[in-house]
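Please read the structure below before turning to the comments.
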Amino acid sequence: METPFGITLDVGSSRANHTGSWRVERPVYVDRLPPCNDACPAGENIQGWLYHAESGDYESAWRALVEENPLPAIMGRVCFHPCETACNRVRVDDAVGINAVERFLGDLAIERGWTLPEPGADTGKRILVVGSGPAGLSATYHLRRLGHAVHLVDSSHQLGGMMRYGIPAYRLPRDVLDAEIARILAMGVEVTLDHVVDDVEQERRDGSYDAVFLAVGAQIGHRVSIPAGDSSRVVDAVTFLHQVADDDPPLLGRRVVVYGGGDTAFDAARTARRLGATDAVIVYRRNREHMPANEEEFAQALGEGVTMRWLSTVNRFEGERLVLEKMRLNEAGFPEPTGELEELDADALVLALGQDTDLSLLERAPGVVIRDGVVEVAPTMMTGDAGVFAGGDAVPADRTATVAVGHGKHAARSIDDYVNGRVREAVARHELASFDRLNTWYYSDAPRTRRPELEKIRRQDTFDEVVQGLTEENALFEARRCLSCGNCFECDNCFGVCPDNAVIKLGGGERYEIDYDFCKGCGICVSECPCGAIEMVPEKI
Amino acid sequence: MTKRPVRFYQVGSFAVGNRLLTDDQRTVQSDPNRTNSIDSGHRACQGCGEALGARYALDAAMRAAAGRVVTVNATGCLEVFSTPYPETSWRVPWLHSLFGNAPAVATGVAAALRVKGREDVRVVGQAGDGGTVDIGFGTLSGMFERNDDVLFICYDNEGYMNTGVQRSAATPPAARTATTDAVGPEPGNVFGQGKDLPRIAMAHDIAYVATATVADLHDLEHKVEHAMTLRGARYIHILVPCPLGWGSASSDTIKVARLAKESGLFPVFEAENGRVTSVSPIRRRTPVEEYLRLQRRYAHLFGAHPRPDIVTRLQEIADENIARYGLVNDETEEIPVLEEAKEMVH
Ligand SMILES: Cc1cc2nc3c(=O)[nH]c(=O)nc-3n(C[C@H](O)[C@H](O)[C@H](O)COP(=O)(O)OP(=O)(O)OC[C@H]3O[C@@H](n4cnc5c(N)ncnc54)[C@H](O)[C@@H]3O)c2cc1C
Ligand SMILES: Cc1ncc(C[n+]2csc(CCOP(=O)(O)OP(=O)(O)O)c2C)c(N)n1
Ligand code: SF4
Ligand code: SF4
Ligand SMILES: [Mg+2]
């Protein structure tokens, strides 16, 4: 080309100048573990399913959710949501209402008739699952997905374990429970009800199962000896709730005293109110600070007229007179007797002092270790008896439905390894997306949506569900409050803030890419990423 | 402050884009087909706020004028790092003449376009603070007073950076530069001097005067786009941190700009025909100390021989700005000085 007088070079683009060579550190996209996912006992990818819910794609959200947990409508009601306690948004305003959105998705799936993924190709292996509570159902689902045949056995007359016979219907309506169980059974499961497994090894041989998962829970109400007169009515809470669930409630009278401070105590007291008790009093030996029951349940119970007797133990029950002894807490927070006695009128006393596990079916199983009333298991959930796995309330762990679901999943994967003679390498967990990794400037504040509660008055004498679901609008709002901790949500910040245009926007869920020809390694993208999904790593020079 | 309230709870109105926003709620910068007025391969330092601010402003101007923009650039970093002959980073028509005459050249370009009947082509003049506040001031004031049809943008990095960080009339008090040493009883730049160009521009009663920072893209783009809807002389003053001259981490460029605004040291507002019409309220009111500690040009105020008295005087300047422009409202959060920040003296 002719150049003007005095000009010797043609004009060229600065793109010829690869300024990436200046770099000593490079930005790299990462996925960090969101604290909600980290805290979820069922191992849900919460941030992952919220991501779909944020765009209103509820079916994809539900599908991502049931990858890990087949019971979202149930979990969305009964889970104590440790995810929300861990949620980073707590430090911005208030936790994301994960549990409420989960329930919304679960209910929508039932309403729309969404089905679980197809079972895996038949492996020819047969697994016995004993117990159909959350642990057994979760294991069944995951085993079916892996292509194993499942024989689900339960001694009760219906499936569901404590979800049916413990948790009252006003917290978990039975149609919801039935719908989620039916969806699992539709994957093709052989079910035997009213059958007590009393010797695991015998049962295993008779049915030639390749492996066994024990999910027998903790069915027996813990008893303490309380001197009681002949006419005094003493029942344990699990039996009481079981009878109510069977539509055969015992007559407790008008003044019911429940002894204990856990969730079961509250369920028993609230159930007694619904059955017509005018007084439902919970007697607990410590104070509110030390009470293990869930805050929400406590508040709901008080709202329904349940009353509390703190720092008291039951000394004896004579006719209609319950004698309580007042306690005081020592420095360590333990209750000590004061010797001071009080009386309380009562028609019945309900003991809610915990549950024990009946493990007699393991008596002849070799190598099994039972400690503190529960079965010891390896990290794979296998007991000392090779091929026999256990989970849920029957093993040492927190006794919640969510933990049980997590155990069921984990055991199913271990059983798959076991029957295939595989040993799984432990995979390293992603680094935690802790709060200090976020740039919260970009998240504007929004108050959390509270689930509406049934009017108190209606609640006292019906078993209608107390906590109502979110509307679609609220669920969307709630989902969009998620900060997407540690995982890119395509906000375009990195693409926008690079002074060197060295971020390439791939778009449509494909996120971004760094153009290392031009990235000078300034690190602005890392600082301005709202969710901490970019990391600086030293350049190997 | 953005003029389009985006009720989007995940990222509010502050992130560059988001997959869930409609196109009109996203910034120009979120568009994969943005002009990229300054291309990759330019020689600005790592994390240069000026390179970023110029792309933000010109890309917005390009979108507003449907791609018909001529730019006139004064001498300074922006010119030197973008156009070492024979390479250029500019993907917009671009002229460079001298350090002091960019407003006059821009006036000339606007006059020529008028004569040619090309009023669809818009003129943007641009310069650093030295080229605007100091040497270009005479021609700029003339351009304002004649109401020439030019949008003039000052990229304020508070010093003559291109020639090695000398003081300009936009350098803040107490800041160390190559010509204001951090020695003596009054270390760094003196108090009580310098020019507040946005207010001087307002005194010319021109159609539009605005300030912005690279920390609030929605706001910056809104102002450029609004300016492009008007005719006559318009002025936008954009704070663009300079990691080299300020001694801040290259990764902190946007953070530093954000703190300049959030502390009240750099008021962000809009004015039409000489009157302030809107201000960007402070979201998280931050003590100036936190802003100062991120920059080595203020290191002499901390460390072994701290000068809390000087920090207090700087805080007073911020407080006066807050009072003058009404920068604090009901939603402003007060942020205390964090203990971690105290250890961050370089
Ligand atoms: C009143 C009450 C309220 C609760 N509320 C909540 C709550 O709100 N949220 C929460 O997360 N958790 C709650 N829990 C705890 C939760 O229900 C349990 O942790 C969970 O159900 C344990 O699951 P699992 O599968 O281990 O056992 P289970 O649910 O107890 O199921 C065990 C099943 O095994 C069967 N079975 C036992 N032995 C045999 C045998 N030998 N042969 C055949 N079948 C057998 C039983 O019939 C039963 O169906 C509550 C518990 C109670 C009692
Ligand atoms: C008349 C004249 N005097 C001095 C210079 C040297 N010079 C070039 S750029 C510059 C400073 C530019 O400062 P500023 O306008 O603030 O831009 P920055 O580099 O800081 O972006 C100076 C002094 C010159 N080019 N012309
Ligand atoms: S903000 Fe979202 S990703 Fe982060 S912890 Fe809470 S729910 Fe999980
Ligand atoms: S000296 Fe400052 S303004 Fe100039 S290129 Fe470097 S960072 Fe940018
Ligand atoms: Mg300058």
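The values are calculated or read from the model by the stated rules, or taken from the named source; none is laboratory data. Keep in mind it's a predicted model, so treat the numbers as computed, not measured. Note that each Cβ is placed from the backbone with ideal geometry, even for glycine, and that neighbours are counted across all protein chains shown.
Taken as a whole, the stretch A:452-470 holds no residue that is within 10 Å of chain B (Cβ to nearest Cβ) and of a type outside the set (Gly, Ala, Ser).
Number of residues in the stretch A:148-174 that are more than 22 Å from the chain's Cα centre (by Cα) and not in a loop (DSSP other than H, G, I, E, B): the value is 5. Residues in the stretch B:25-67 that are hydroxyl-bearing (Ser, Thr, Tyr) and either over 19 Å from B:Lys223 (Cβ atoms) or touching a residue at least 40 places away in the same chain (Cβ under 8 Å) (or both): B:Thr27, B:Thr35, B:Ser37, B:Ser40, B:Tyr56. Among the residues of the stretch A:490-502, just one is more than 7 Å from chain B (Cβ to nearest Cβ) and within 38 Å of the chain's Cα centre (by Cα), namely A:Cys494.
One residue stands out in the stretch B:36-53 among those that are more than 16 Å from ligand 5 (Cβ to nearest atom) and under 21 Å from B:Phe152 (Cβ atoms): the one that is farthest from the other protein chains (Cβ to nearest Cβ), namely B:Ser37.
Does any residue of the stretch A:506-525 turn out to be facing another protein chain (nearest Cβ under 7 Å), in contact with a Phe, Trp or Tyr (Cβ under 7 Å, 6 or more places away or on another chain), surrounded by 14 or more Cβ atoms within 10 Å (Cβ to Cβ) and modelled with pLDDT under 95? No, the stretch A:506-525 contains no residue that is facing another protein chain (nearest Cβ under 7 Å), in contact with a Phe, Trp or Tyr (Cβ under 7 Å, 6 or more places away or on another chain), surrounded by 14 or more Cβ atoms within 10 Å (Cβ to Cβ) and modelled with pLDDT under 95.
In the stretch B:16-35, the residue that is surrounded by the most Cβ atoms within 10 Å (Cβ to Cβ) out of those that are hydrophobic (A, V, I, L, M, F, W, C) and more than 7 Å from chain A (Cβ to nearest Cβ) is B:Val28. Residues considered: A:Gly367, A:Gly339. Of these, the only one that is surrounded by fewer than 17 Cβ atoms within 10 Å (Cβ to Cβ) and outside the structural domain of A:Asp230 (by TED's automatic domain parsing) is A:Gly367. Every test in (1) facing chain A (nearest Cβ under 9 Å); (2) outside any helix (DSSP H, G or I) is passed by B:Tyr56 save one, and that test is (2). Restricting attention to the stretch A:22-52, the residues that are within 11 Å of another protein chain (Cβ to nearest Cβ) and either out of contact with any strand residue (DSSP E or B) (no Cβ under 6 Å at 6 or more places or on another chain) or at positive phi (or both) total 5.
Each row is one residue, and each column tells you yes or no for (1) within 16 Å of ligand 5 (Cβ to nearest atom); (2) under 30 Å from A:Cys529 (Cα atoms); (3) in contact with a Phe, Trp or Tyr (Cβ under 8 Å, 6 or more places away or on another chain); (4) more than 14 Å from chain B (Cβ to nearest Cβ).
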position	(1), (2), (3), (4)
A:Ala365	no, no, no, yes
A:Val374	no, no, no, yes
A:Val377	no, no, yes, yes
A:Gly387	no, no, yes, yes
A:Gly392	no, no, no, yes
A:Arg399	no, no, no, yes
A:His410	no, no, no, yes
A:Asp417	no, no, no, yes
A:Asn439	no, yes, no, no
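When you look at B:Thr83, is it touching a residue at least 12 places away in the same chain (Cβ under 8 Å) and either more than 13 Å from every other protein chain (Cβ to nearest Cβ) or touching an Asp or Glu at 6+ places or on another chain (Cβ under 8 Å) (or both), yes or no? Here the answer is no, as B:Thr83 does not meet what is asked. Just one residue in the set B:Val190, B:Val150, B:Val165 is of a type in the set (Val, Ile, Thr) and at positive phi; that residue is B:Val165. Being within 22 Å of A:Arg480 (Cα to Cα), of a type outside the set (Lys, Arg) and either surrounded by fewer than 24 Cβ atoms within 10 Å (Cβ to Cβ) or modelled with pLDDT of 95 or more (or both) is a description that applies to A:Asn493.
Within the stretch A:342-364, the set of residues being part of a strand (DSSP E or B) and buried (at least 17 other Cβ atoms within 10 Å of the Cβ) comprises A:Leu344, A:Ala348, A:Leu349, A:Val350, A:Leu351, A:Gln355. Taking the stretch B:147-164 only, how many residues are surrounded by 15 or more Cβ atoms within 10 Å (Cβ to Cβ) and more than 15 Å from B:Leu230 (Cα to Cα)? Selection size over the stretch B:147-164: 9. So, A:Leu105, is that one crowded, with 24+ Cβ neighbours inside 10 Å, of a type in the set (A, V, I, L, M, F, W, C) and within 11 Å of another protein chain (Cβ to nearest Cβ) or not? When the stated conditions are applied, A:Leu105 does not pass them.
Of note, A:Glu535 does not satisfy the criterion of being within 7 Å of chain B (Cβ to nearest Cβ), away from ligand 4 (no atom under 16 Å from the Cβ) and modelled with pLDDT of 95 or more. Among the residues of the stretch A:314-324, at least one is in contact with a Phe, Trp or Tyr (Cβ under 8 Å, 6 or more places away or on another chain) and surrounded by 14 or more Cβ atoms within 10 Å (Cβ to Cβ).
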